[in-house]
Amino acid sequence: LNLSLESWRGIDSRQVELSGGVTLIEGPNEIGKSTIVEAVRMLFSEMDSSKKKNVKAIQPVGQDVGSNIQAEVKTGDYHFIYSKTYNKATQTSLDILAPNNKQLTGREAHEEVERILGETVDLALWDALLVEQGEKVALANFQDSSGLAKALDEAAGSAQAGGEDTGLYGVVQ
């Protein structure tokens, strides 16, 4: 639903509201488009305590601050607010608002979000569709995407004999 970034590379503070469906981020060079994608990926994949090179690189140059991302997410039956601070005063917090209120921190929060996403999101499709600036444009790898395969199977079998043929693309949409 929304993202909040603070002290992340060249971004001092930014709020991003997302609409339902697919989100395309476009704009002039050097406004933070790739940084937003990087932050979302890192939120869902890297522990706050990570000392990896890519995590250290998000700290703004010459500043001794923590880099923070917070996301409000609805997926399946779940609605939650998830945040992490990297590099200084590290922390992870998860506030599950639905289906049942629950608050978690640290590794427990990270693992619960991994579980929720594994249950509600076709992660192979998510990875295939996240395209960053500078990546070579190629065919996306949908091989491990069970959600896409299911949608295509349902769409292919949904045409009724004698009815209007809307085509597979229209049915999938």
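The values are calculated or read from the model by the stated rules, or taken from the named source; none is laboratory data. From a predicted model like this one, the values you see are computed outputs, not experimental measurements. Every residue, glycine among them, receives a Cβ derived from its backbone with ideal geometry; neighbour counts consider all protein chains shown. With ligands, DNA and RNA removed, areas are computed over all heavy atoms of the protein, side chains included. Shrake-Rupley method; radii C 1.70, N 1.55, O 1.52, S 1.80 Å.
Can you work out the FRET efficiency for the pair ASN2 and GLN63, with r the C-beta to C-beta distance and R0 = 25 Å, to the nearest 0.05?
0.55
Just in region 1-95: which trypsin sites (Lys or Arg not before Pro) are loop by DSSP and have at most 13 other Cβ atoms within 10 Å?
Answer in residue order: LYS51, LYS52, LYS88.
Rounded to the nearest 10 Å², what accessible area does TRP126 have for a 1.4 Å probe in the complete protein model?
Ignoring ligands and nucleic acids, TRP126 comes out at about 100 Å².
Could you order VAL61, VAL40 by accessible surface area, starting with the largest, using a probe radius of 1.4 Å?
VAL61, VAL40
What accessible area per residue comes out for region 25-81, rounded to a whole number of Å², with a 1.4 Å probe?
55 Å²
Given a Förster distance of 25 angstrom, what is the FRET efficiency for GLU108 paired with THR23, based on the Cβ-Cβ distance and rounded to 0.05? Can you show the working numbers first?
Details: r = 29 Å, r/R0 = 1.16.
Using R0 = 25 Å, I get an efficiency of 0.30.
Residue separation times 0.36 nm, minus the C-alpha to C-alpha distance between LYS74 and ARG9: what's the value?
20.7 nm
Could you list the GluC sites (Glu not before Pro) in region 14-64 that lie in coil according to DSSP, counting only those with at most 12 other Cβ atoms within 10 Å of their Cβ? Spell out each step's value before the answer.
On the way: sites: GLU17, GLU26, GLU30, GLU38, GLU46; in loops: GLU26, GLU30, GLU46.
Of the GluC sites (Glu not before Pro), the ones in loops of region 14-64 whose Cβ has at most 12 other Cβ atoms within 10 Å are GLU26, GLU30.
Given a Förster distance of 22 Å, report the FRET efficiency between SER34 and LEU123 from their Cβ-Cβ distance, rounded to the nearest 0.05.
Working from the Cβ atoms, E equals 0.60.
Zone of SER93 (label point 7 Å along Cα→Cβ, backbone N under 14 Å): which residues in region 37-77?
Answer for region 37-77: 68-72.
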